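Step one of this worksheet: look at the structure below.
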Amino acid sequence: MLLHLSIRDFAIVDRLELEFRPGFTALTGETGAGKSILIDALSMTLGDRTGSEQVRSGAERADVTAEFAIDSLPGIGDWLHEHALEGDPNRLLLRRVVDANGRSRAFINGHAATINQMREAGDRLVDIHGQHAHQSLLRPEAQRMVLDAHAGLASLAQETGGAHREWQRLRRARLDHENNAAARDAEREQLSWQLEELSRLALAPGEWETIQSEHGRLAHAATLMEGVRDAIDALSESENAALGSLSGVLSRLRPLTEFDGLLRDTIAVLESGEAQLREAAYALRHYADRIELDPKRLHEVEQRLEAVHNAARKFRARPEALPEVLASLRVRLKDLEMTADLE
């Protein structure tokens, strides 16, 4: 039963609130009084086609809400539950909003709904008879309801409807499972070639830092060699080398300790420095012996760096994190294969 009709900015109506009581209600008036506007407004909440021409001139949108009592219509409760549109178990609200651009929105019990859902709900609530309106008895679903009621099969029809809905649910679940299986197969195929590519790269943990350091040495070998040689000369091999100068200082100071023992501490500091300088000079010579210009090895390292860079871009990861990416891909592929085995 229709309880209330609220109309805002529809056609020529600014605002209208209509309350309906149980029993027969007649809307009367001369031609042009606006009776058809009420029917059109109600039809809009039942899913009929509408457009911007229904919006009152100067308004932004038309807004119509119809409230129905549904406590005597148990079938519609199941329909609302099936479509997750439940509200008050004894009331049903249908609301339709149309803006000045013709865009339409539908709401059932405050939930956003499609126009088809609104039309389905309306078919269960209202039967409009008119020159250009449809009649419910012409619809197959309405004919089935009348036939079932006449045969006393309403309860069986409800059970059958529930079984059909459960069949549809299981069918959707099966289709979802099949679609998920296809998606898993596609992911498994993608993981396989990704694993193959990273396995061929075979980047070991810590290798990225190592090859970066090696590339720096190889690319600047000439500069390193020149700088180290200059340092060795300054420490021990040039005419004014630091070690030679320090040895001369010590030679001058040691005899003076006979006259003042306080110099011994200073001499000890200088002797320690001399030892450290000799150790540094030895280390630099050893380093210089290992430096070599190796264009072939430099080319190999640069190719390795490029391969790692390309893989990092492809997998959207930091170069040093590629070993972790490889490990995670292996785990994911193993999980997918286990899932496939369970199926």
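Some observations on this one:
- Long-range Cα-Cα pairs in the chain (distance over 34 Å), rounded percent: 64 percent
- Cα lying deepest toward the dipole's positive end in the stretch 207-342, options L256, I291, S328, charges on Cβ: S328
- Point-charge dipole on Cβ atoms (K/R +1, D/E -1) for the stretch 207-342, about Cα centre, debye to 20: 520 debye
- Residue list for the stretch 310-324, given a label point 7 angstrom along the Cα-to-Cβ vector of E302 and an amide N cut-off under 15 Å: none
- At R0 = 45 Å, FRET efficiency that the Cβ-Cβ distance of Q143 and R188 yields, to 0.05: 0.35
- In this label model, S238 and A275 are separated by 2.7 nm, measuring between points 7 Å along each Cα→Cβ vector.
- Placing unit charges on each Cβ (+1 for Lys and Arg, -1 for Asp and Glu) gives the chain a dipole about its Cα centre, and among Q54, T160, A183 the Cα reaching farthest toward its positive end belongs to Q54.
- Both radii are taken from the alpha-carbon atoms of the stretch 2-136; with Rh as the Kirkwood radius, Rg/Rh is 0.95.
- Between M225 and T114, the contour length at 0.36 nm per residue exceeds the Cα-Cα span by 32.2 nm.
- The phi-based Karplus calculation (6.51 cos²θ - 1.76 cosθ + 1.60; θ = phi - 60°) puts the 3J(HN,Hα) values of the stretch 269-275 at 5, 5, 5, 5, x, 4, 5 Hz, whole numbers, x for Gly and Pro.
- Trypsin sites (Lys or Arg not before Pro) restricted to DSSP loop in the stretch 1-80 with at most 12 other C-beta within 10 Å: R49
- I12-E86 pseudo-label distance in nm [points 7 Å out on the Cα-to-Cβ vector]: 4.5 nm
- Note, ³J(HN,Hα) from phi for the stretch 243-258, Karplus 6.51, -1.76, 1.60, rounded to Hz, x at Gly and Pro: 5, x, 5, 5, 4, x, 4, 5, 4, 6, 7, 4, x, 6, 5, 5
- Here the Karplus relation 6.51 cos²θ - 1.76 cosθ + 1.60, evaluated at θ = phi - 60°, turns the backbone of the stretch 83-93 into coupling constants of 9, 6, 10, 5, x, 4, x, 9, 10, 9, 10 Hz, with x for every Gly and Pro.
- Under a model in which nothing but the beta-carbon of Lys, Arg (+1) and Asp, Glu (-1) is charged, the stretch 220-278 shows a dipole of about 120 debye around its Cα centre.
- Amide H contacts of A113 (H built 1.01 Å from N, in plane; Pro and chain starts excluded): A106, F107, I108 sit under 5 Å, all sequence-distant by 5 or more or on other chains.
A short reminder: the numbers here are calculations on the coordinates, not readings from a lab. Given the structure is predicted, the values throughout are model-derived calculations rather than measurements. Every residue, glycine among them, receives a Cβ derived from its backbone with ideal geometry; neighbour counts consider all protein chains shown.
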